[in-house]
Amino acid sequence: FNNERSNQENKMKFSPKRVLVNYGAAVLLAAFLFISNFLNTNLFDFGQLNFAVWFVLSIFSFSCGWFINRVLGWQHGGKIVFAIIIAVTIVSLFVIIFFNEYFAAAELLTENIILYSLRNITLGAMGFFGMALQEVLGSERESVILKEKIKVYEQTMLDAKREAEITLKEAKVKAQKLINDAELHAKNTILKKERIESELQEFIHTERKL
């Protein structure tokens, strides 16, 4: 039974759907970085069409970074994005070196390597920017929620303190009433005792005279 349970847990941990949800955005980011190598070779050409293409890629990279940080968190997601940038840059360099004729954006191979590395790093930085923005907004949202919880907790503690004070006052009033009733009962008992003793003495005195 324990083995079946552990197998089910392992299946839940390594389910393809879970992996796709967790790492799908990372795969897309890697694909965008690599595909960018086959676009217009001049990163800083602000022509209308070229700028639109790079703007869309930047938005996609930003969105992937946002989703990665939301699913995997800042630390783990940041490591993955950094690894993607390094891996895609290395793969791109190999492709550029072996297919230098196609990627001849500059005359020198060194310039090509620097140019394409800069492109990948720029889009990767947009992914980091998306992660950072999501982290800041998420932290602010958590901070607001935490402040509201603290207010509710303080109000609850204040209400509990008031209820405790009211209960203590009621207990004091009841205790004082019990004390007063006990004292009154004791006084009545003493008075009855004294009255009985007085009547008994009078009876004895009367009997002696007779």
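Brief remarks on what is shown
- Meets criteria (at pLDDT 90 or above, open to solvent by less than 90 Å² (accessible area, probe 1.4 Å) and assigned to a helix (DSSP H, G or I)) for G130: yes
- Listed by position, the helices (runs of 4 or more DSSP H) contained in region 1-106 that have at least 3 residues being at pLDDT 75 or above and surrounded by 10 or more Cβ atoms within 10 Å (Cβ to Cβ) are 16-35, 48-72, 74-98.
- Flag for N120 being among the polar types (S, T, N, Q) and either over 13 Å from N37 (Cβ atoms) or touching a residue at least 24 places away in the same chain (Cβ under 8 Å) (or both): yes
- For beta carbons closer than 6 Å, sequence separation of 6+ or different chains, a first residue in region 63-91 that is under 9 Å from M131 (Cβ atoms) and a second that is part of a helix (DSSP H, G or I) and among the β-branched types (V, I, T), the qualifying pairs are G77/I68.
- Check on E142, part of a helix (DSSP H, G or I), over 30 Å from I35 (Cα atoms) and open to solvent by 80 Å² or more (accessible area, probe 1.4 Å): yes
- Each residue in region 151-174 was checked for being open to solvent by 80 Å² or more (accessible area, probe 1.4 Å) and aliphatic (A, V, I, L, M), and 5 of them qualify.
The values are calculated or read from the model by the stated rules, or taken from the named source; none is laboratory data. Keep in mind the model is a prediction, meaning the values are calculated, not measured. Heads up, the Cβs are rebuilt from the backbone with ideal geometry, glycines too, and the neighbour counts pull from every protein chain shown. Just the protein is used for accessible areas: all its heavy atoms, side chains included, with ligands, DNA and RNA removed. Shrake-Rupley method; radii C 1.70, N 1.55, O 1.52, S 1.80 Å.
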